[in-house]
Amino acid sequence: MGGWDSVSFNVMITGYANNGLNEGAIKIFVEMQNLGFKPSDFTFAAVIGASTGLDNTAFGKQIHGFVVKTSFIRNVFVGNAFLDFYSKHDCVDEVRKLFNEMPEWDGISYNVTITAYAWVGKVKESTDLFQELQFTTFDRKNFPFPTMLSIAASSLDLQMGRQLHAQVVVSMDDPDFRVSNSLVDMYAKCGKFEEADRIFLKLSSRSTVPWTAMISANVQRGLHENGLKLFYEMRRADVSADQATFACVLKASANLASILLGKQLHSYVIRSGFMNVYSGCALVDMYANCASIKDAIKTFEEMSERNVVTWNALLSAYAQNGDGKGTLRSFKEMILSGYQPDSVSFLCILTACSHCRLVEEGLKYFNDMAGVYKLAPKREHYTAMVDALCRSGRFDEAEKLVGQMPFEPDEILWTSVLNSCRIHKNYALARKAAGQLFNMKSEKILLEGAALGKESICVTLLFTNPCSLS
């Protein structure tokens, strides 16, 4: 490398790093050091960027240690590069330590640190630092509004979202597409669909995020056909779908119970390269909702990667289609495959046992939750077990279990009890359940009993209108 100097090396390292040739950039940097040439602030920024691209945490920390010995550690440009490096490796403690040690900051320093906290779920730290940013003189147009709006969306904090929107309006005449996309997502997730739609229609450039937000908003409201219509518009606009998009449209297809549409979406998921654990679970659920258990099983068996969530999807598919034996068989296969069941797994099991009158099996698994798997049964597990006992006419055991619950029975449990009393003509317990529902001001009970009085409700429900609580 005769004739080279520090400038030549810096240009080469920066060029390699900017073009994604990270290994080459690092090799040139090492050669530069071996030949005794001095790096500049741009050199260090480029090299740490290359370390980030290679996911080489150890090398990045070595570079940090090297830079600490030079005056460049005081350079905000170099400091920001290290903030970005640690942020992208989820080293949030190092991010904050470095941020505190920097002699000066700029807007990028704040943005990277705020985003680093948000990325690992430290909402308070992100919010506190954003509030601190308000009192600086940095350009508000470059504030991390997308990050903060994503926090508001994830926490369903509409008040925070509106405050951020107001700041956006004050700070910029024409928000960039990232901010606008984040506003659509925030309003949609917070249930303000009209506001989300208004901003969405004004967008000159729509990324995957706002399209998915609007599709999800329609599906949440039960407007499944509208959600699917938006999905096809998204495809015509040549915008790529992501994992979240497919989850929304598969849910819409499942709720419409359209097996033909579901199979079309299944093919599209595979062609798009998004066949993974999450889309696989959504497909299993979709086929189960369409009463196509064979397709649900086939999809599960074709999944290259499995975890407890995928097994739960299969358990739910069997349970949903009334195959109690299949649910129990799959649960045993799950255990033999080395997966530890969670509370969702047991809810699927207990629901299947309830609907298929497998009471003894249900009692065994209910007791195994705490006794074997160290999982405390939740309200829904007690409700499913009480339902199983009542469906089989074992009311004394059901009442005993209700008395052992660590929380008060809710409307769902008493409604389940009342339905079984109707079937088995258990007037005494029906009267008790109806009284509990009446005290809870259950809407259905109040409607039935408004003109009849409390004592007549049970008779009405048991003999006159047996389908009213179904």
Filter region 332-346 down to residues that are part of a helix (DSSP H, G or I) and surrounded by fewer than 21 Cβ atoms within 10 Å (Cβ to Cβ) and give me whichever is nearest to the chain's Cα centre (by Cα).
-> 344
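Each row is one residue, and each column tells you yes or no for (1) at pLDDT 90 or above; (2) touching an Asp or Glu at 6+ places or on another chain (Cβ under 7 Å); (3) within 27 Å of residue 321 (Cα to Cα); (4) not in a loop (DSSP other than H, G, I, E, B).
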site: 351; (1), (2), (3), (4): yes, no, yes, yes
site: 444; (1), (2), (3), (4): no, no, no, yes
site: 455; (1), (2), (3), (4): no, no, no, yes
site: 468; (1), (2), (3), (4): no, yes, yes, no
Filter region 55-76 for residues that are exposed (fewer than 14 other Cβ atoms within 10 Å of the Cβ) and under 35 Å from the mean Cα position of the chain (by Cα); which is farthest from residue 115 (Cα to Cα)?
-> 58
Considering region 202-240, residues that are crowded, with 21+ Cβ neighbours inside 10 Å and of a type in the set (Gly, Ala, Ser), and then whichever is farthest from residue 279 (Cα to Cα), we arrive at 217
Any idea how many residues of region 188-232 are in a helix (DSSP H, G or I) and either under 20 Å from the mean Cα position of the chain (by Cα) or touching a residue at least 12 places away in the same chain (Cβ under 8 Å) (or both)?
-> 27
Answer yes or no: is there a residue in region 360-380 that is out of contact with any Ser or Thr (no Cβ under 9 Å at 6 or more places or on another chain), in a loop (DSSP other than H, G, I, E, B) and either hydrophobic (A, V, I, L, M, F, W, C) or without any contact (Cβ under 8 Å) to a residue 24 or more places away in the chain (or both).
-> yes
Out of the residues in region 163-187 that are of a type in the set (D, E, K, R) and not in a helix (DSSP H, G or I), state the one that is nearest to residue 130 (Cα to Cα).
-> 176
Among the listed residues 340, 320, which satisfies the condition of being within 22 Å of residue 295 (Cα to Cα), out of contact with any strand residue (DSSP E or B) (no Cβ under 7 Å at 6 or more places or on another chain) and either of a type in the set (Ser, Thr, Tyr) or touching a residue at least 12 places away in the same chain (Cβ under 8 Å) (or both)?
-> 320
List every residue pair whose Cβ atoms lie under 6 Å apart, where the two residues are 6 or more positions apart in sequence or sit on different chains, the first residue falls within region 424-438 and is farther than 15 Å from residue 389 by Cα, and the second residue, located anywhere, is modelled with pLDDT under 85 and surrounded by fewer than 16 Cβ atoms within 10 Å (Cβ to Cβ).
-> 438/454
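The values are calculated or read from the model by the stated rules, or taken from the named source; none is laboratory data. The structure displayed is predicted, hence computed values, not measured ones. Cβ coordinates were reconstructed from backbone atoms using ideal geometry, including for glycine residues, and neighbour counts include every protein chain displayed.
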